[in-house]
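> Can you keep this structure in mind? I'll have questions shortly.
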Amino acid sequence: MLALAALLAVVLHAAPAAATAAEPCTPDATTGCVLGTIKTAAGEPAVGVVLTVEGGGESVEVTTGADGTWSVPVTAAGDYTVTIDPATLPEGESLRDPSVTSRTVKVLLNSQSRALFALGEPTGGTTTAPTQGATSGPDDEAPSSGGGSSTGGVTGKRVAQQFANGLVFGLLLALASVGLSLIYGTTGLSSFAHGEQVTLGAILAYFFVQTVGLDLWLAAVLATLVGAASGWLQDAGIWRPLRRKRIGLTQQMIVTIGLSMVLQYLFQFLLGGGRLRIDTTNPTRVTIGPVSLTQQALVSAGIAVVVLAAVAVFLLYSRTGRATRAVSDNPALAAASGIGVERVIRVVWTGAAGLAALGGVLTGLYFQSTAWNMGGTVLLLMFAAVTLGGLGTAWGALAGSIVIGVVAEMSSLVIPSDMKYAGALLILILVLLVRPQGILGRRDRIG
């Protein structure tokens, strides 16, 4: 009897544990997630595909669900090998690279790591599909955006898809860039810590949704409000005292660089180096003609349009908005006219931080993930948008953001997607060589 029990124990230990896609994995401080989505060559969910995840002394078998997704929770960080069983693929489907049935991903706790297996007509050689780890992109189909795939030849459908992606990304970039431009316009300061306001909004939304358990949109509102409060505190505790001491703009800019570094590594210390998903549900895609976007991308773009329109109305028609434009044009003349310059600057810092936080939340939803360095990644794009549109003008920041977003996404049609941001910065250089003041900026008079 004891021998039978021992034999049964050995068999059970050797057999892989089973998991199903119906049990979605949610990362936390003690859990990491290995996951992915498998779709047929036609883009339909591949149901019933069996995969095995091995690592950390365990072997877990998982089957894709009705939406083609699978996930496995792990409790130890490290390298995990994901093996797909080609025999379980839907009838008529095959791996794009039949020679690669296993991929190794690096898993961190409190993060998600993705493994990608592309289905389709065999290419006759190795594919460039990456092993996606904790630093993977927004989803298995579109590592660079919330839209469609970035692989394949240049076709009309791809051009339309990338243009739509660029418009959405440009609108989200504008939320943060407008605030950055207003700060420069009213104070003359280029804040290198503005990217961390974007990150703050995203991680606050993640905390409110995944830790506190709040509704996603309530969490987004709270994250925006807390982000705005952080801008108020920054001006009250750092920038106004520095202005009162008549510290030069160069020294203040250096302070923003130091603040940016401190916040980045504080976020990394608190959250780890992996990617975090604000919303762990599988996004629903909406097809409009040749363009396919997630519902979250469409809603995010709609919110961005409404908020940017509200900012425009505020600047054009409200007393404080007109005062903000006056301070941006000529602070000394505005002060002589009885405008409270310090009060206006405080409002600008508060509003700019709130807009950046909202931009972070929506960008995190659009890319379906966020990380400790997300704001730093888009900071150069924000500066490019502000400079391209015209320093100190909200309208210029909006125009520049749209241009940068579209150029960045469209450039991936002809260059590797990893280099698309470099293409946008190259366009910035070329435009400024022709029009130094930017698209909507005014030429400075010298002498």
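> Can you tell me which residue within the stretch 68-114, out of those that are among the acidic types (Asp, Glu) and crowded, with 16+ Cβ neighbours inside 10 Å, is modelled with the lowest pLDDT? Break it down into steps so the answer makes sense when it comes.
From the stretch 68-114, those among the acidic types (Asp, Glu) are 79, 85, 91, 93, 97; that's our starting set.
Subset that is crowded, with 16+ Cβ neighbours inside 10 Å: 93, 97.
Numbers: Glu93: 86, Asp97: 81.
Once the filter is applied, the top-ranked residue is Asp97.
> For the subset of the stretch 231-270 comprising residues that are of a type outside the set (S, T, N, Q) and touching a Phe, Trp or Tyr at 6+ places or on another chain (Cβ under 6 Å), which member is surrounded by the most Cβ atoms within 10 Å (Cβ to Cβ)?
In the first step, residues of the stretch 231-270 are kept if they are of a type outside the set (S, T, N, Q); the result is 231-233, 235-249, 253-255, 257-259, 261-263, 265-267, 269-270.
Now drop any that are not touching a Phe, Trp or Tyr at 6+ places or on another chain (Cβ under 6 Å), which leaves 231, 235, 257, 267.
On the way: Gly231: 27, Asp235: 24, Ile257: 13, Phe267: 23.
Looking at the filtered set, the residue picked out is Gly231.
> Sticking with this one: Within 19 Å of the chain's Cα centre (by Cα) and assigned by TED's automatic domain parsing to the domain that holds Gln210: does that describe Leu413?
no
> Report, by residue number, each residue of the stretch 289-301 that is over 15 Å from Gly166 (Cβ atoms) and either surrounded by 13 or more Cβ atoms within 10 Å (Cβ to Cβ) or of a type outside the set (Gly, Ala, Ser) (or both).
Residues satisfying the conditions are Thr294, Gln295, Gln296, Val299.
> Follow-up. Restricting to the stretch 269-283, name every residue that is in a helix (DSSP H, G or I) and under 16 Å from the mean Cα position of the chain (by Cα).
Initial filter on the stretch 269-283 (in a helix (DSSP H, G or I)): 269-271.
Matches in the stretch 269-283: Leu271 only.
> Only one of (1) hydrophobic (A, V, I, L, M, F, W, C); (2) without any contact (Cβ under 8 Å) to a residue 12 or more places away in the chain; (3) in a strand (DSSP E or B) fails for Ala42. Which number is that?
(3)
> Sticking with this structure for a sec: Could we say that Thr40 is at pLDDT 90 or above, of a type in the set (Ser, Thr, Tyr), surrounded by 14 or more Cβ atoms within 10 Å (Cβ to Cβ) and closer than 28 Å to Arg285 by Cα here? Step through it out loud before you land on a result.
Numbers: at pLDDT 90 or above: no; of a type in the set (Ser, Thr, Tyr): yes; surrounded by 14 or more Cβ atoms within 10 Å (Cβ to Cβ): yes; closer than 28 Å to Arg285 by Cα: yes.
Spelling it out, it is not the case that Thr40 is at pLDDT 90 or above, of a type in the set (Ser, Thr, Tyr), surrounded by 14 or more Cβ atoms within 10 Å (Cβ to Cβ) and closer than 28 Å to Arg285 by Cα.
> Right, something else. Which members of the stretch 229-248 meet the condition of being within 30 Å of the chain's Cα centre (by Cα) and in contact (Cβ under 8 Å) with a residue 40 or more places away in the chain?
Ala229, Ser230, Gly231, Trp232, Gln234, Asp235, Ala236, Trp239
> Output the residues belonging to the stretch 388-423 that are in a loop (DSSP other than H, G, I, E, B) and either at positive phi or surrounded by fewer than 24 Cβ atoms within 10 Å (Cβ to Cβ) (or both). So that I can check it myself, show each step before the final result.
Applying the first criterion (in a loop (DSSP other than H, G, I, E, B)) to the stretch 388-423 yields 390-393, 412-416.
Within the stretch 388-423, Gly390, Leu391, Gly392, Ser412, Leu413, Val414, Ile415, Pro416 qualify.
The values are calculated or read from the model by the stated rules, or taken from the named source; none is laboratory data. As the structure is a prediction and not an experimental result, all values here were calculated from the model. Neighbour counts run over all protein chains shown; Cβ positions are idealised from the backbone, glycine included.
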